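Undergrad: Next up is a structure, given as structure tokens.
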Amino acid sequence: MRPVTRPEWGPRWVGVAAGLAVTDAFGRYCAACEVRLSGPGVAWTAASGEVVEGVATAALWPDLFGLCDFCARAATAVPAGSRGEPLLPDRDATFALGPAAPFGYEPGPLELAAPEIGLRSPHVVSRVGVAPRSERAAETARLFALDRPVVLTPVPALGEGEPEPSAELAVQLIESRDPRLMLRTEAWQYANEAAELLEQARSVAKRAELARMVAHEVASQGFWSVWATVLAERLRDPGLLWSIFAPAAPRPPGAAAAYQPAEVCFWAFPSTRDEWLVETAAWG
Ligand SMILES: [Zn+2]
């Protein structure tokens, strides 16, 4: 979950649809799952846990976030009484490097329940899950269903004697409806491939050049935290992380001179917090 600093409420958002205002402030990515949005986010307020229709206001602003349809549906489906306290990207440490990281990203088995995918028995696939490392991180994953497909249109149940579709087809069908886990898994795979290329770069100048290309991938795919986690764990290179993931921050100590802030990420990921970069100074 990309950590952000909430900009002060301002006249530019007066009379603007709440979803558009939060997308303008934080970028075109879901605040919870980090998928890239094809349009403005669904405005959701952490104050009541409900979706906000209509325009943004100064009163709503402190608790407004932009979600994708799936995270919004999941969060509003939880009854008010049983809602826990999720981590929120403008006030909690929703991202860190090393042992302090609230979420890990690792491939693992994901069991899809039979009724969800229109089969008679569950099916296991390998997807990159969010591994929560605290109770509140677990609550966050539960509330936004970060590790479960959210079925907006239910798959019709199989009738008596009706032939079962192949499991692959059933999984494809469910993931065409909620692609978040598949896209997160893709981002993780791309990030690992990119890390391999960066590891093989023969000079810092070459690595900095590759970093500019990687920045475009991150901006076009989303899943900022997945990319940042993989590249941090594999390369331990402060300049690389700064140039892609916190280009608005001051250059951290230990950053090679060849790195430049990636403009594409500067514009794509506004308001990103950067306190986690401090950790990289210890890598010296
Ligand atoms: Zn989402």
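The values are calculated or read from the model by the stated rules, or taken from the named source; none is laboratory data. All values derive from a computational prediction rather than experimental measurement. Virtual Cβ from ideal backbone geometry, glycine too; neighbours counted across all protein chains shown.
Undergrad: Here is a check on your reading of the model: is residue 147 touching a Phe, Trp or Tyr at 6+ places or on another chain (Cβ under 9 Å), within 16 Å of the ligand (Cβ to nearest atom) and not assigned by TED's automatic domain parsing to the domain that holds residue 31?
TA: Values: touching a Phe, Trp or Tyr at 6+ places or on another chain (Cβ under 9 Å): no; within 16 Å of the ligand (Cβ to nearest atom): yes; not assigned by TED's automatic domain parsing to the domain that holds residue 31: yes.
So residue 147 does not fit the description; no.
Undergrad: When you scan the range 263-284, how many residues do you find that are modelled with pLDDT of 95 or more, among the charged types (D, E, K, R) and either over 18 Å from the mean Cα position of the chain (by Cα) or not in a loop (DSSP other than H, G, I, E, B) (or both)?
TA: Residues in the range 263-284 being modelled with pLDDT of 95 or more, among the charged types (D, E, K, R) and either over 18 Å from the mean Cα position of the chain (by Cα) or not in a loop (DSSP other than H, G, I, E, B) (or both): 2 in total.
Undergrad: Taking the range 111-134, which residues are at pLDDT 90 or above and either of a type in the set (Lys, Arg) or touching an Asp or Glu at 6+ places or on another chain (Cβ under 9 Å) (or both)? Before you say what the answer is, go through the steps one by one.
TA: First, pick out the residues of the range 111-134 that are at pLDDT 90 or above: 124-134.
Correct list: 124, 125, 127, 128, 129, 130, 131, 132, 133.
Undergrad: Quick one: is residue 107 crowded, with 18+ Cβ neighbours inside 10 Å, of a type outside the set (S, T, N, Q) and closer than 30 Å to residue 278 by Cβ? First the steps, then the outcome.
TA: Values: crowded, with 18+ Cβ neighbours inside 10 Å: no; of a type outside the set (S, T, N, Q): yes; closer than 30 Å to residue 278 by Cβ: yes.
No; evaluated as a whole, the condition is false for this residue.
Undergrad: Same structure, new question: Consider only pairs whose beta carbons are under 6 Å apart and that are at least six residues apart or on different chains; among these, list those whose first residue lies in the range 27-41 and is of a type in the set (Phe, Trp, Tyr) and whose second residue is modelled with pLDDT of 95 or more and more than 9 Å from the ligand (Cβ to nearest atom).
TA: Note: pairs meeting the criteria are 29/36; 29/222.
Undergrad: Give the number of residues within the range 105-122 that are over 25 Å from the mean Cα position of the chain (by Cα) and either among the hydroxyl-bearing types (Ser, Thr, Tyr) or on the phi < 0 side of the Ramachandran plot (or both). Working first, answer last.
TA: Initial filter on the range 105-122 (over 25 Å from the mean Cα position of the chain (by Cα)): 114-115, 118-122.
Add one more test, that the residue is either among the hydroxyl-bearing types (Ser, Thr, Tyr) or on the phi < 0 side of the Ramachandran plot (or both), and what stays is 114-115, 119-122.
Residues meeting the conditions: 6.
Undergrad: Go through the residues of the range 158-168 one by one and say whether even a single one is touching a His at 6+ places or on another chain (Cβ under 7 Å), among the small types (Gly, Ala, Ser) and either surrounded by fewer than 20 Cβ atoms within 10 Å (Cβ to Cβ) or in contact (Cβ under 8 Å) with a residue 40 or more places away in the chain (or both). Even if it seems obvious, please write down each step before you answer.
TA: Of all residues in the range 158-168, those touching a His at 6+ places or on another chain (Cβ under 7 Å) come to 167.
Within this subset, residues satisfying the condition of being among the small types (Gly, Ala, Ser) are 167.
If we keep only those that are either surrounded by fewer than 20 Cβ atoms within 10 Å (Cβ to Cβ) or in contact (Cβ under 8 Å) with a residue 40 or more places away in the chain (or both) too, we end up with 167.
Yes.
Undergrad: Tell me which of these residue 256 doesn't satisfy, since it passes every other one: (1) closer than 22 Å to residue 92 by Cβ; (2) touching a helix residue (DSSP H, G or I) at 6+ places or on another chain (Cβ under 6 Å).
TA: (1)
Undergrad: Now for a different question. Go through (1) within 27 Å of residue 5 (Cα to Cα); (2) in contact with a helix residue (DSSP H, G or I) (Cβ under 7 Å, 6 or more places away or on another chain) and name the single condition residue 137 misses.
TA: For residue 137, the failing item is (2).
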